[in-house]
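Peer 1: Here it is: the structure, laid out below.
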Amino acid sequence: MGVLRFRRPGGVTLVVAVFGALCLAGCGRAVDSVRDPLLEILVPAQVTVQAQDVAGLGSVLSDGQEMTLYMFPPDAGRRVSCTGPCAGTWPPLVVGAGGKVIAGTGVDAADLGTLADPNTGERIVTYAGFPLYRYAGDLRAGTANGQGLFLNGGPWYVLSADGQPITVTPAPAARVGS
């Protein structure tokens, strides 16, 4: 532990203790071979999947905050292949074990499901068998900047409410949400 002293105007000295807490925070945690211990994904008890219009793509799936959801073709066969650093760019839509997945506007509840998520140990939400992800480059609701990107070993696509990947690439203005 170290102490930093700062002299402020008027002769007041500010003393700040510096701890190694950030370095020690993860020391007692066991790390398995799949889970990335640095990946922080919030795991809610309830999530909503809904349909919304995105410029250049039409009606696509989004979460309850209207953030566009994507599928990854290598996940075919109801498996999660985007783990570790991949999940940092493409955070999965997760729900706590025993949590509730709600079918919002335009979504068929029968197409919703969950799979074990190797990133969090909880459940990743699926639609028509595809695990669902967000894209870290979508900074605003209603954008689809990840559409058609080839990253982490494959292309990423939005899904229509009928559970089919939309493989068109929107015009550049639509990609940034303008």
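Peer 1: Step by step: first the residues of the stretch 106-131, then only those that are in contact (Cβ under 8 Å) with a residue 60 or more places away in the chain and assigned to a strand (DSSP E or B), then the one that is nearest to ALA87 (Cα to Cα). Which residue is that?
Peer 2: Out of the qualifying residues, it is PRO131.
Peer 1: Only one of these conditions is not met by ALA76: (1) modelled with pLDDT under 95; (2) crowded, with 16+ Cβ neighbours inside 10 Å. Which number is it?
Peer 2: Only one criterion in (1) modelled with pLDDT under 95; (2) crowded, with 16+ Cβ neighbours inside 10 Å is unmet by ALA76, namely (2).
Peer 1: Still on this model: Within the stretch 132-147, which residues are buried (at least 17 other Cβ atoms within 10 Å of the Cβ) and assigned to a loop (DSSP other than H, G, I, E, B)?
Peer 2: Residues satisfying the conditions are LEU132, ARG134, TYR135, ASP138, THR143, ALA144, ASN145, GLY146, GLN147.
Peer 1: Related question: On the given criteria, is ALA109 in contact with a Pro (Cβ under 8 Å, 6 or more places away or on another chain) and aliphatic (A, V, I, L, M)?
Peer 2: no
Peer 1: What are the residues in the stretch 86-97 that are farther than 15 Å from PHE150 by Cα and not in a loop (DSSP other than H, G, I, E, B), if any?
Peer 2: GLY88, PRO92, VAL94, VAL95
Peer 1: Right, here's the next one. Out of the residues in the stretch 102-121 that are in contact with a strand residue (DSSP E or B) (Cβ under 8 Å, 6 or more places away or on another chain) and under 15 Å from ARG78 (Cβ atoms), state the one that is surrounded by the most Cβ atoms within 10 Å (Cβ to Cβ).
Peer 2: Filtering the stretch 102-121 for residues that are in contact with a strand residue (DSSP E or B) (Cβ under 8 Å, 6 or more places away or on another chain) and under 15 Å from ARG78 (Cβ atoms), the one surrounded by the most Cβ atoms within 10 Å (Cβ to Cβ) comes out as ASP117.
The values are calculated or read from the model by the stated rules, or taken from the named source; none is laboratory data. As the structure is a computational prediction, the values presented were derived from the model and not from experiment. Every residue, glycine as well, gets a Cβ built from its backbone with ideal geometry; the counts of neighbours run over all protein chains shown.
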